[in-house]
Amino acid sequence: EVDKVLVWRRHPGQYASKSPMVAGRDFFVDELLRDYRGKVIEPVSMPAEAPLFLMYTSGTTARPKGCQHSTGGYLAYVAGTSKYYQDIHPEDTYWCFADIGWITGHSYIVYGPLALGATSVMYEGVPTYPDPGRPWRIAERLGVNIFHTAPTTIRMLRKLGPDEPKKYNYHFKHMTTVGEPIEPDVWRWYHEVVGKGEAVIVDTWWQTENGGFLGSTLPALQPMKPGSCGPGVLGIYPVIYDEDRNVVEAGGRAGNICIRNPWPGIFQTVWGQPERFVQIYYEKYCRDKNSKDWRDWPYLAGDGAVQAADGYFRILGRIDDVINVAGHRLGTKELESASITVG
């Protein structure tokens, strides 16, 4: 049940939504703030397990799931992964090229970098308007030194302005990618042109349900490998299972990537659907449905993956989006990567 709704108006005094405001429940933020200007409001202490927010996911393949995240565990996890995997410090100016309505923006625009006291950049509009040089002008003007974006955006920036980054005097010490696997040729442009051969690149793999990174490399400590997200991050122990619940060892074939252990950033439940929470994420590889031992309940991420002999993981796409060709199950990312190499 929703008690209060805060509505942010882009232009104070104007409300264009077709949803009517409900008296006593809905409040305009700009009106509330007027009553508290110049006042010090002490923060309210909350239990670590108190629900913090709902983030909906997977609306394209199924009914959207309301992922409920906790207050303490989520904040601790995004602060830790921001510090150790994005190398964020209070003196840094960090730019996550995402939307705060997406879990990436929620975790790595708002909570993570701000918990570490860093400057977090936000922008409005299309990154290539009025021209493809806009991102690099912003980076130069604001002194951005850490950059975080998705492979789709990188491909778009490369297509519309492949030489634009060379025109601007910015210097990234660190760059990350998120949201989908990145093809090796896109990775190389990102490293050589955007990063000017100076920045360390960290590819990351995780999901709305996870709170923060699950697979990545420690910047400048673990080698970069184009097309791979790396091993599990600190405290995360991935494993690949086949459809018969057998473990697929490193250097083997593709399978379903799971996480053996719980971690602070994991979501608490699917809001209003606890049975769906168990059925989607834990039922498939559960060893004993009556067990209360977490070792019997590995988390199913829903992604296909292959683990190289060196322990690095390559994510192949959703396991519910596969095509069976002559007995071979091909993931969406395998097909996309193959199409890029044609013609």
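The values are calculated or read from the model by the stated rules, or taken from the named source; none is laboratory data. Just so we're clear, the structure is a prediction, and the values are computed from it rather than from any experiment. Cβ placement follows ideal geometry from the backbone for every residue including glycine, while neighbour counts extend to all protein chains displayed.
Highlighted here are the helices (runs of 4 or more DSSP H) found entirely within region 103-190 that include at least 3 residues which are among the basic types (Lys, Arg): 134-142, 151-160.
Restricting LEU52, LEU6 to residues that are without any contact (Cβ under 8 Å) to a residue 60 or more places away in the chain, in a strand (DSSP E or B) and surrounded by fewer than 11 Cβ atoms within 10 Å (Cβ to Cβ) narrows the list to LEU6.
Only one residue in VAL194, VAL178, VAL202 is crowded, with 19+ Cβ neighbours inside 10 Å, touching a residue at least 40 places away in the same chain (Cβ under 8 Å) and farther than 25 Å from GLY311 by Cα. Which one?
On the way: VAL178 fails: farther than 25 Å from GLY311 by Cα; VAL202 fails: farther than 25 Å from GLY311 by Cα.
Of the residues listed, the single one that is crowded, with 19+ Cβ neighbours inside 10 Å, touching a residue at least 40 places away in the same chain (Cβ under 8 Å) and farther than 25 Å from GLY311 by Cα is VAL194.
Report yes if GLY38 is without any contact (Cβ under 8 Å) to a residue 40 or more places away in the chain, of a type in the set (Gly, Ala, Ser) and not assigned by TED's automatic domain parsing to the domain that holds GLY212, otherwise no.
Details: without any contact (Cβ under 8 Å) to a residue 40 or more places away in the chain: yes; of a type in the set (Gly, Ala, Ser): yes; not assigned by TED's automatic domain parsing to the domain that holds GLY212: yes.
Answer is yes for this residue.
One residue stands out among those in region 298-337 that are modelled with pLDDT of 65 or more and outside any strand (DSSP E or B): the one that is farthest from GLU249 (Cα to Cα), which is ASP320. Take ASN145 and decide whether it is surrounded by 18 or more Cβ atoms within 10 Å (Cβ to Cβ), touching a Ser or Thr at 6+ places or on another chain (Cβ under 8 Å) and at pLDDT 95 or above. Spelling it out, ASN145 is indeed surrounded by 18 or more Cβ atoms within 10 Å (Cβ to Cβ), touching a Ser or Thr at 6+ places or on another chain (Cβ under 8 Å) and at pLDDT 95 or above. Kindly indicate whether LEU221 is in the same structural domain as ALA305 (by TED's automatic domain parsing), modelled with pLDDT under 95 and surrounded by fewer than 20 Cβ atoms within 10 Å (Cβ to Cβ). Taking the combined requirement at face value, the residue satisfies it.
Of GLN68, GLN86, which residue is among the polar types (S, T, N, Q), assigned by TED's automatic domain parsing to the domain that holds LEU142, under 28 Å from THR119 (Cβ atoms) and surrounded by 13 or more Cβ atoms within 10 Å (Cβ to Cβ)? Selected residue: GLN86, the only one of GLN68, GLN86 that is among the polar types (S, T, N, Q), assigned by TED's automatic domain parsing to the domain that holds LEU142, under 28 Å from THR119 (Cβ atoms) and surrounded by 13 or more Cβ atoms within 10 Å (Cβ to Cβ). From the list ASN256, ASN246, ASN290, the one residue that fits, being more than 30 Å from ASP87 (Cβ to Cβ), among the polar types (S, T, N, Q) and either surrounded by 17 or more Cβ atoms within 10 Å (Cβ to Cβ) or under 20 Å from the mean Cα position of the chain (by Cα) (or both), is ASN256.
Of ASP87, ASP99, all but one fail to be in a loop (DSSP other than H, G, I, E, B), in contact (Cβ under 8 Å) with a residue 40 or more places away in the chain and within 29 Å of ARG134 (Cα to Cα); the exception is ASP87. In summary, THR153 fulfils each of the numbered conditions (1) surrounded by fewer than 19 Cβ atoms within 10 Å (Cβ to Cβ); (2) at positive phi; (3) within 16 Å of the chain's Cα centre (by Cα) with the single exception of condition (2).
So for region 208-218 (the condition being out of contact with any Ser or Thr (no Cβ under 6 Å at 6 or more places or on another chain), surrounded by fewer than 21 Cβ atoms within 10 Å (Cβ to Cβ), in the same structural domain as GLN307 (by TED's automatic domain parsing) and closer than 23 Å to LYS173 by Cβ), does at least one residue qualify? Write out each step before concluding.
Taking region 208-218 and keeping what is out of contact with any Ser or Thr (no Cβ under 6 Å at 6 or more places or on another chain), we get 209-211, 214-215, 217-218.
Imposing the further condition that a residue be surrounded by fewer than 21 Cβ atoms within 10 Å (Cβ to Cβ) reduces the set to 218.
So of that shortlist, the ones also in the same structural domain as GLN307 (by TED's automatic domain parsing) come out as 218.
Of the ones still in play, those that are also closer than 23 Å to LYS173 by Cβ are 218.
Checked against the condition, which is being out of contact with any Ser or Thr (no Cβ under 6 Å at 6 or more places or on another chain), surrounded by fewer than 21 Cβ atoms within 10 Å (Cβ to Cβ), in the same structural domain as GLN307 (by TED's automatic domain parsing) and closer than 23 Å to LYS173 by Cβ, region 208-218 yields at least one hit.
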